[in-house]
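Asks: Got a structure for you, questions after.
Bear in mind these aren't lab numbers, they're just calculated from the coordinates by the rules spelled out. Small disclaimer: the values here were computed from a predicted structure and weren't measured. Note that each Cβ is placed from the backbone with ideal geometry, even for glycine, and that neighbours are counted across all protein chains shown.
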Amino acid sequence: MSDTRKPFPFSEFEPAWQARWETEKTFRTPGPGDAGFDPAKPKYYVLDMFPYPSGAGLHVGHPEGYTATDIIGRYKRMRGFNVLHPMGYDSFGLPAEQYAIKTGQHPAITTAANIITFRRQLKALGFAYDWDREIATTDPQYVRWTQWIFLQLYGAYFCESDHKAKPVSDLVAKGWTREQIDGVRLAYVADTPVWWSPDLGTVLANEEVEEWKGKGHTVERRPLRQWMLRITKYAQRLIDELDELDWPEGIKLLQKNWIGRSEGASARFEIIDFASTIEVFTTRPDTLFGATYMVMAPEHPFVAQITTTEQLAAVEAYQKACASKSDMDRGDLNKDKSGVFTGAFALNPVNGGRLPIWIADYVMMGYGTGAIMAVPAHDERDFEFARRFQLPIVEVVSGRVSGTPTLLEPFSDHGVAVNSGFLDGLATAEAKATMIDWLEAKHLGQRRIQYKLRDWLFSRQRYWGEPFPIVWKDGHHQAIPESELPLLAPPLDDYKPSGTPEPLLSKAREWVELPDGFVRETNTMPQWAGSCWYYLRYCDPSNTERFISRDAETYWTGQGGSAESGVPSSTGMIDLYVGGTEHAVLHLLYARFWHKVLFDLGHVTTPEPFQKLINQGLILGEDGQKMSKSRGNVVNPDDVVSEYGADALRLYEMFMGPLEQVKPWQMKGVEGVSRFLARVWRVAFEQDQAGTWQMSNKIADIPCADKELRRVVHETIKKVGEDIEKLNFNTAISQMMICTNAFTQAAVVPLAEFIQFLTILNPFAPHLSEEVHARLAVAFKFQPGQLSEVAWPGYDPDALVRSTIELIIQVNGKLRERVMISKDADEAAATAVALGCAKVKDHTDGKTIRKIVYIQGKLLNIVAS
RNA sequence: GGCGGCUUGGCGGAAUUGGUAGACGCGCUCGACUCAAAAUCGAGUUCUAACGAGUGUGGGUUCGAGUCCCACAGCCGCUACCA
């Protein structure tokens, strides 16, 4: 395609500016210790969620968030901030390994190729990253520090009295045994039932199961020895410390619900004719008098012991059915409760009731104690189960004002205790407290807080992940010395899963077997590991002594910079973090957890990583559906760039609508913003017969005589600045369109005003604005510095003032007339004008004027009836 | 089932946070330029012939409601027997 046919020659100047930014390192960000670092400058750290470099390359969702942060970063830079806006790659991951299984190609080769593609695509969009800070989680020097942080977790325990992590060396000093210490480490080994996928050859985290099942892989439940991270110890802090963060409320709520705190009590029930008790957790201890049976999870270890011989066959059959059923869609089973009686009975501690003990799959082993007291009158699930198996239903909470309870449906709200001995007449809240006191006094139970959050299953049996820096001997694990980091995986010839849960790395015998009977841990870390701390590494990416230097850490958290930075010392390090909602829970929760551990151990100085968070909305296809290959509605950013240019793509993605909103792609919209950019171009240039662009003689280096034009320019400077601060990019672009239309229609365009406009356009369309500016510099012989180095222009408030305004005249709240009037007109003057209007008379004739509402400079409402 | 979000012209979306509903862009219509087309420039474009009506529906508060309150409906996410 010939450039003369393009509306403006972006395909010539865009690559040229990108090359210049690269060779001149225009967007290099000096940090502490770097040449050119100015500690007096306030810092601004704006971060994107880094991409997984898939084989498919960038999709249009990536540039949405990336452009938003680029605009903010460039704007803050022009405002005098030292802006850190880095980019990197979350480059471990299953697809590269799946590819290796198919082709035998080492995942490192595929990953390196994909990174090259991503880097080229990102550079083609003109983002102002400091490329010297680029990182990939697969780099040995990055892996080194990921493993180092793992060792910090391994070497720490959670001190219950101080609510924080401390080194286990403290416990050694207190004389704890090795087993005791291994039992409290934040990274520990446990046999747990996990989701194992034979064809992927790895276990999956609970939250990953659905995703891979959806892709056609099989998963099954298996008890396996796995590495776990004790995130549950941080459950309360992960909830409480959300308060200080400037995050969307919806995301905070999502995290809170995921952690799932509930308050209640544990209670122990004696098993009749059996020297043991069953412990349950309940949020409604006040309903204990209404407990008529008990249920244990089918996999509860007690079941085998308490089951009577008569019931044994039925119980075992049910357990077996549940184990194989675990893979089926549980949704289908929700309607029909199932279960089997064990033959055993427990004693209700408050009233001596004989409670049959059942097993049923509606009770989960993983939550609470894996057993419940069933109160069918006041719990929907228990009610359903009781009806199905004809178990007694006893009402103990009354929510009705009067009348006999019908018990046609469970009543799970709060009310007043009835049929409950010493609780009778108490409101639910008091009844709960009274019952807990009673249980505690009798040593039958205690107040308890329960979380849904489980410890984090941290090991995978994959190849393409960080190996654990751990060795084993005689059944004990221990850390390898820090000096041996990074510990890299050995190359393999065959990446195929063996079909057994034996990790792939165990195939590398020479790597695994060490002198003196030591063997290496062969599990690898999940992909989350690298993304848990990458934002720290950007601050000091080539440090070989520490994962981040103390100086870099304090400076980029805002504690080492100028006091005037305007950013009060905050709890979070990053000023703005932009990314998709898909990471609302997992990534953001995991990263917060790691950060808090590092904080507790004194390695970082803020308790939170991300002060402010924004979720960009999904971009849908033109058909309003999610983009997918199978639907054929995927838009490739490369195609958009070659057809319309990088500036047009950037601008369009920002013009589509509010950043946080879900919105459909419209190719016609890209044409629209491309036309806008062409209009800006043609303010300065016109095409001659030969098709070359010549400087337009409309531009003149003279003071702006056109007051209206000047007002539009200054309104634009004001609005665009304010909109960028609020992340309202779409309306900022609208305003720049209005301004461009004013330039287009003006007979003369004053040079100074036009350059001010180009300056505010620069963060949005950096290539075009720089190119126009550079050409103006040649034509008007001024110093051709880069626009991106120029200070953000101020606006002149006087230029905004209008002497006359349009006054809206309403009668009974309905618009009837509009008149031009002095902005200072008082109520009497305005009323006189309004009553003189014919249309106003039409609507007030024969009525009495009751009231006049006058908003000066805006409107006048006549209330008449 | 639970939690969250959304609902404004033919379309994407604006609306100073209670004060002109529909900015800006797309599309469409007409005009200019052209032998013609594209591109560009200019005018118009919520509906209605008009009176009027109008921000998912119904009510309320107010001089005035897209905006605040109550009830309901429809779409979209996330989550799912969490005791």
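Asks: Let me know the charge dipole size of the stretch A:665-732 about its Cα centre in debye, to the nearest 20, where only the beta-carbon of Lys, Arg (+1) and Asp, Glu (-1) is charged.
Replies: I would put it at about 160 debye.
Asks: Also: With the Cα gyration tensor of the stretch A:204-268 giving a ≥ b ≥ c as the square roots of its eigenvalues, does the rule (a/c under 1.5 for rounded; else a/b larger than b/c for prolate; else oblate) give rounded, prolate or oblate?
Replies: On the way: a/c = 2.28, a/b = 1.41, b/c = 1.62.
Verdict is oblate for the stretch A:204-268.
Asks: Let me ask something additional. In bins 5 Å wide, starting from 0, what share of all Cα pairs of the stretch A:364-451 does each bin hold, as a percent?
Replies: 3, 13, 18, 21, 22, 15, 7, 1, 0
Asks: Between residue A:320 and residue A:116, 0.36 nm times their residue separation minus their Cα-Cα distance comes to what?
Replies: 68.4 nm
Asks: For the ranges A:161-169, A:655-663, what's the packing order if you count other beta-carbon atoms within 10 Å of each residue, average per peptide, and put the highest first?
Replies: My ranking of the peptides, most packed first, is A:655-663, A:161-169.
Asks: Here's something else I'd like to know. What's the whole-number percent of alpha carbon pairs in the stretch A:812-865 lying beyond 18 angstrom?
Replies: 22
Asks: Highest mean first, how do A:228-237, A:101-110, A:43-52 rank when packing is the count of other Cβ atoms within 10 Å averaged over residues?
Replies: Peptide ranking by packing, descending: A:43-52, A:228-237, A:101-110.
Asks: Using just the alpha carbons, could you tell me how many Å³ per residue the convex hull of the stretch A:225-344 encloses?
Replies: Once divided by residue count, the hull of the stretch A:225-344 is 202 Å³.
Asks: From the gyration tensor of the Cα coordinates in the stretch A:622-685, what semi-axes in whole Å does the equivalent ellipsoid have, largest first, with each one equal to sqrt(5λ)?
Replies: 24, 14, 8
Asks: When the convex hull of the C-alpha atoms of the stretch A:111-266 is computed, what volume per residue in Å³ does it have?
Replies: Once divided by residue count, the hull of the stretch A:111-266 is 240 Å³.
Asks: I'd like the FRET efficiency for residue A:789 and residue A:612, computed as 1/(1 + (r/R0)^6) with the beta carbon distance as r and R0 of 25 Å, rounded to 0.05.
Replies: Working from the Cβ atoms, E equals 0.40.
Asks: If we count every other residue with Cβ under 10 angstrom of residue A:518's Cβ, Lys/Arg +1 and Asp/Glu -1, where does the sum land?
Replies: That sum, taken over residues with Cβ under 10 Å, equals -1.
Asks: Let me ask something else about it. Nearest 20 debye, what's the magnitude of the dipole of the stretch A:692-840 about its Cα centre given +1 on Lys and Arg Cβ and -1 on Asp and Glu Cβ?
Replies: Approximately 440 debye in magnitude.
Asks: Using only the Cα atoms, what convex hull volume per residue in Å³ does the stretch A:710-817 have? Write down the numbers at each step before the final one.
Replies: Numbers: hull volume 15.6 nm³, N = 108.
Per-residue hull volume (Cα only) is 144 Å³.
Asks: If each residue's Cβ is checked for other Cβ atoms within 10 Å, how do A:844, A:804, A:111 rank with the fewest at the top?
Replies: Arranged by neighbour count, lowest to highest, A:844, A:804, A:111 become A:804, A:844, A:111.
Asks: Right, something else. Quick one: P(r) of chain A from all Cα-Cα pairs, 10 Å bins, percents rounded to integers, in order of increasing distance.
Replies: Computed distribution, short to long bins: 2, 10, 16, 18, 17, 14, 11, 7, 3, 1, 0.
Asks: Give the Cα extents of the stretch A:241-310 along the principal axes, in whole Å, largest first.
Replies: So the three principal-axis extents are 59, 27, 18 Å.
Asks: Still on this structure, please answer the following. Answer with one residue from A:746, A:323, A:429: the one whose Cα lies farthest towards the positive end of the charge dipole of chain A, charges on Cβ with Lys, Arg +1 and Asp, Glu -1.
Replies: Farthest towards the positive pole: A:746.
Asks: Order these by the 10 Å Cβ neighbour count, fewest first: A:309, A:137.
Replies: With the fewest neighbours first, A:309, A:137 line up as A:309, A:137.
Asks: Moving to a separate point now. Largest first and to the nearest Å, give the Cα extent of the stretch A:626-767 along each principal axis.
Replies: Computed over the stretch A:626-767, the largest-to-smallest principal extents equal 57, 43, 20 Å.
Asks: Taking Cα pairs under 8 Å and at least six residues apart, what relative contact order does the stretch A:56-159 come out at, in percent?
Replies: Answer for the stretch A:56-159 is 34 percent.
Asks: Considering only chain A, what is the antiparallel percent among its DSSP beta bridges, to the nearest 5? Each step should come with its number before you reach the end.
Replies: Details: 74 of 100 bridges.
The answer is about 75 percent antiparallel.
Asks: May I have the extent of the alpha carbons of the stretch A:74-158 along their three principal axes, as whole Å values ordered from largest to smallest?
Replies: 49, 43, 18
Asks: Rank the residues A:443, A:773 as a footprinting-exposure proxy: fewest other Cβ atoms within 10 Å of their Cβ go first.
Replies: Fewest-to-most ranking of A:443, A:773: A:443, A:773.
Asks: Excluding residues on the same chain fewer than 8 positions from residue A:668, give the lysines whose Cα lies under 23 Å from its Cα.
Replies: A:6, A:626, A:629
Asks: Can you tell me what percent of all Cα-Cα pairs in the stretch A:577-625 are more than 14 Å apart?
Replies: 60
Asks: Something else: Given the pairs A:452/A:596; A:164/A:473; A:473/A:507; A:612/A:663; A:814/A:841; A:43/A:612, which span a C-alpha to C-alpha distance of over 25 angstrom in this model?
Replies: A:164/A:473
Asks: Only helical DSSP H runs with n ≥ 4 go in: add -39500 (n - 2.57) per run for chain A, normalise by residue count and round the 222 nm mean residue ellipticity to 500 deg cm²/dmol.
Replies: -10500 deg cm²/dmol
Asks: Could you give me D for the stretch A:429-588, from Stokes-Einstein at 25 °C and 0.890 mPa s, where the hydrodynamic radius is the Kirkwood radius over C-alpha pairs? Units µm² s⁻¹, please.
Replies: 118
Asks: Over all alpha-carbon pairs of the stretch A:152-235, lay out the pair-distance distribution in 5 Å bins, whole %, shortest bin first.
Replies: 3, 14, 20, 17, 13, 12, 10, 7, 4, 1, 0
Asks: Next question, about the same structure. At a threshold of 8 angstrom on Cα-Cα distance, excluding pairs fewer than six apart, so keeping six or more, what relative contact order does chain A reach in percent? Intermediate results must be reported in sequence, preceding the final value.
Replies: Details: 1546 pairs, mean separation 121.6, N = 865.
Rounded, it is 14 percent for chain A.
Asks: Can you tally the net charge around residue A:153? Count Lys and Arg as +1, Asp and Glu as -1, for every other residue whose Cβ sits under 9 Å from the Cβ of residue A:153.
Replies: Working: positive: A:185, A:230; negative: none.
Value of the local net charge: +2.
Asks: Something else about it: What is the log10 of I(q)/I(0) for the stretch A:1-151, computed with the Debye formula using one identical point scatterer on each Cα and no solvent, at q = 0.12, 0.16, 0.21 Å⁻¹?
Replies: -0.64, -1.03, -1.36
Asks: Taking 7 Å along the Cα-to-C-beta vector as the label spot, tell me the residue A:782-residue A:488 distance in nanometres, rounded to one decimal.
Replies: Reported label-point gap for residue A:782 and residue A:488 is 5.3 nm.
Asks: Further, regarding this structure: Net charge near residue A:580, counting Lys/Arg +1 and Asp/Glu -1 over other residues with Cβ under 11 Å of its Cβ?
Replies: Value of the local net charge: -4.
Asks: Estimate the FRET efficiency between residue A:496 and residue A:686 by the formula 1/(1 + (r/R0)^6), using the beta-carbon distance for r and 60 Å for R0, to the nearest 0.05.
Replies: E between residue A:496 and residue A:686, to the nearest 0.05, is 0.40.
Asks: Packing-wise, with mean Cβ within 10 Å as the measure, how do A:248-254, A:287-293, A:74-80 rank, highest first?
Replies: A:287-293, A:74-80, A:248-254
Asks: Now for a separate question. Please compute the alpha carbon radius of gyration of the stretch A:526-678, then divide it by the globular-protein estimate 2.2 N^0.38 Å. Two decimals is fine.
Replies: 1.33
Asks: Evaluate the distance, in nm, between pseudo-label points positioned 7 Å from the Cα of residue A:452 and of residue A:519 along their respective Cα→Cβ axes.
Replies: 3.9
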